[in-house]
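Here the structure comes first, spelled out in structure tokens, and everything after it is commentary.
The values are calculated or read from the model by the stated rules, or taken from the named source; none is laboratory data. What you see is a predicted model; the values in this text were computed from it and never measured. As a convention, Cβ positions derive from the backbone with ideal geometry for all residues, glycine included, and neighbour counts pool all protein chains shown. Just the protein is used for accessible areas: all its heavy atoms, side chains included, with ligands, DNA and RNA removed. Shrake-Rupley method; radii C 1.70, N 1.55, O 1.52, S 1.80 Å.
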Amino acid sequence: VGRLDMYTSGALLLSNDGDLTNKLIHPSKEIDKTYRVTIDGFANEDQLERIRRGIKLDGVMTSPAIVEVSKINKEKRKSIKTVIIM
């Protein structure tokens, strides 16, 4: 259900039940999806707030998201965020 892109990992749910799949992934069903995201560098509070409000991707506004800083590694210049898309 859903998809894993090239650099993602996670649980994969296989189903031949189209109704169940639709209930899990369709935005109208309002099922929260939680992601742990590793980024190069550091996002400032203004950038995080824009994601929290929703951003425009390919001309379509995304849903608001909860974004929390989980970990910062200043040495490697990477940060880990938890993103919950509602």
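Table for the structure above
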| item | result |
| --- | --- |
| Hits in segment 40-67 (condition: more than 15 Å from the chain's Cα centre (by Cα) and farther than 24 Å from K78 by Cα) | D58, G59, V60 |
| Lone unmet requirement of (1) touching a Lys or Arg at 6+ places or on another chain (Cβ under 6 Å); (2) farther than 22 Å from Y7 by Cα; (3) at pLDDT 90 or above for K29 | (3) |
| Criterion: surrounded by 10 or more Cβ atoms within 10 Å (Cβ to Cβ), at pLDDT below 85 and of a type in the set (V, I, T) - qualifying residue of V67, V1, V37 | V1 |
| Criterion violated by A43 - all others in (1) out of contact with any Ser or Thr (no Cβ under 8 Å at 6 or more places or on another chain); (2) assigned to a loop (DSSP other than H, G, I, E, B); (3) not polar (S, T, N, Q) satisfied | (1) |
| Failed condition for S9, given (1) over 16 Å from I85 (Cβ atoms); (2) more than 12 Å from the chain's Cα centre (by Cα); (3) modelled with pLDDT of 85 or more | (3) |
| First in segment 13-30 and open to solvent by 80 Å² or more (accessible area, probe 1.4 Å), second anywhere and not in a helix (DSSP H, G or I), Cβ under 6 Å, 6 or more apart | L13/V1 |
